[in-house]
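Asks: First the structure, then my questions, so here it is.
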Amino acid sequence: MTGDTRTNEPSRRRRRFPGISSRAYEHPTDRSALVALRKLSGFDTVFKALSGLLPERSLRLLYLSDSVRVGEEQFTHLHTMLRDACYILDLEKVPAMYVTQNPQPNAMCIGLDEPIIVVTTGLVELLDEEEMRAVVGHEVGHALSGHSVYRTVLLFLTGLAVKVAWIPLGNVAVLAIVTALREWFRKSELSADRAGLLVGQDLRASMRGLMKIAGGNHLHEMNVDAFLAQAEEYEKAGDLRDSVLKILNVLPRSHPFTTVRAAELKSWAETRDYQRIMDGHYPRREEDKDTSVTDSFRESAAHYADTVRTSKDPLMKLVGDVAGGAGDLGGKLRNRFTGGARGGAPDPAAGTE
């Protein structure tokens, strides 16, 4: 931070992470999804074209004219949280932040040259101070990771996909990129949730915030443990048909389901990786240029393999069985969907649901 850093110090003592690289908190699937996105046919061409066409200046003027800019005289508590978050994650330039009138609780980090953070009145009114601190840290995490560029492209293309829906080939091309961007952005939300925890350093507050986003301001009617149990039930419930429905349900969404986010964040908070960061051992930005792409791929592959191995989802368990040589894929799919082997005889390898 520039200037007198004493004015940026958090209101309560929290650990600070000087020079921290976004690699410290980025979810492995975030990085691998972004690599897959960049390799998507036509993405580079579209991205380069849009970089010069996107009305970023118009976007900034829109929020400046029709929202409230957070600062020392407006929404001062949010201004303090924002400076705290940038201080903790060592983000030198504090992004502009706006509050916009919208009853839907939401926040986003957008912008090509410089990130802008936007929060809705619905979110400000819903969350308490510590819950909101995690959200602000979440958005600062997006800024530090450089996510705002791709998020802006996604917002633009989502609107464009509707406008060109009558053009068969154009629609297919745009929808392919939008689908890939959404897949990446859902993974990037898991990374930003981790950044929010590093800023707030209060897991219960992060959990409460996610519960409120899912169920409203009725904490007296909700329970963190029961909420997390929903995530486990969601993962292992049903059969292969339910697994397919889960995929179809999540495809149009920009964010993962809140119970899944809560479970992912709690799981990460219990890892040695998180504790090492809190102890001051983490990747530095100055080391980013020396980072091996191969190592990143290897880490992502290991994470996916572990996810398949430990998942309770019926489809993931089937993939794990097939990968482990437990049987042929066609037979297992038939048995899972029909409830038995050909001829009605039960398949001993299928197990029970």
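The values are calculated or read from the model by the stated rules, or taken from the named source; none is laboratory data. Only a predicted model underlies this, so the values are computations on that prediction, with no experimental measurement involved. Positions of Cβ are generated from backbone atoms using ideal geometry, with glycine treated the same way; all protein chains shown enter the neighbour counts. In case anyone asks, the SASA skips ligands and DNA or RNA and just uses the protein heavy atoms, side chains included. Shrake-Rupley method; radii C 1.70, N 1.55, O 1.52, S 1.80 Å.
Asks: Kindly list the number of the only condition in (1) β-branched (Val, Ile, Thr); (2) more than 18 Å from SER21 (Cβ to Cβ); (3) crowded, with 20+ Cβ neighbours inside 10 Å that fails for VAL140.
Replies: So the condition that VAL140 fails would be (2).
Asks: Further question on the same structure: Only one residue in ASP113, ASP90 is touching a Pro at 6+ places or on another chain (Cβ under 7 Å), in a loop (DSSP other than H, G, I, E, B) and surrounded by fewer than 20 Cβ atoms within 10 Å (Cβ to Cβ). Which one?
Replies: ASP90
Asks: Then there's this: Output the residue which, of all residues in the range 136-147 that are part of a helix (DSSP H, G or I) and over 12 Å from the mean Cα position of the chain (by Cα), is nearest to ASP288 (Cα to Cα).
Replies: LEU144
Asks: Additional query: Go through the range 196-236 residue by residue and tally those that are under 13 Å from ARG261 (Cα atoms) and among the small types (Gly, Ala, Ser).
Replies: Matching residues across the range 196-236 total 6.
Asks: Please enumerate the residues belonging to the range 272-287 that are under 23 Å from GLU189 (Cβ atoms) and open to solvent by less than 50 Å² (accessible area, probe 1.4 Å).
Replies: Result: TYR274, ILE277, MET278, TYR282, PRO283.
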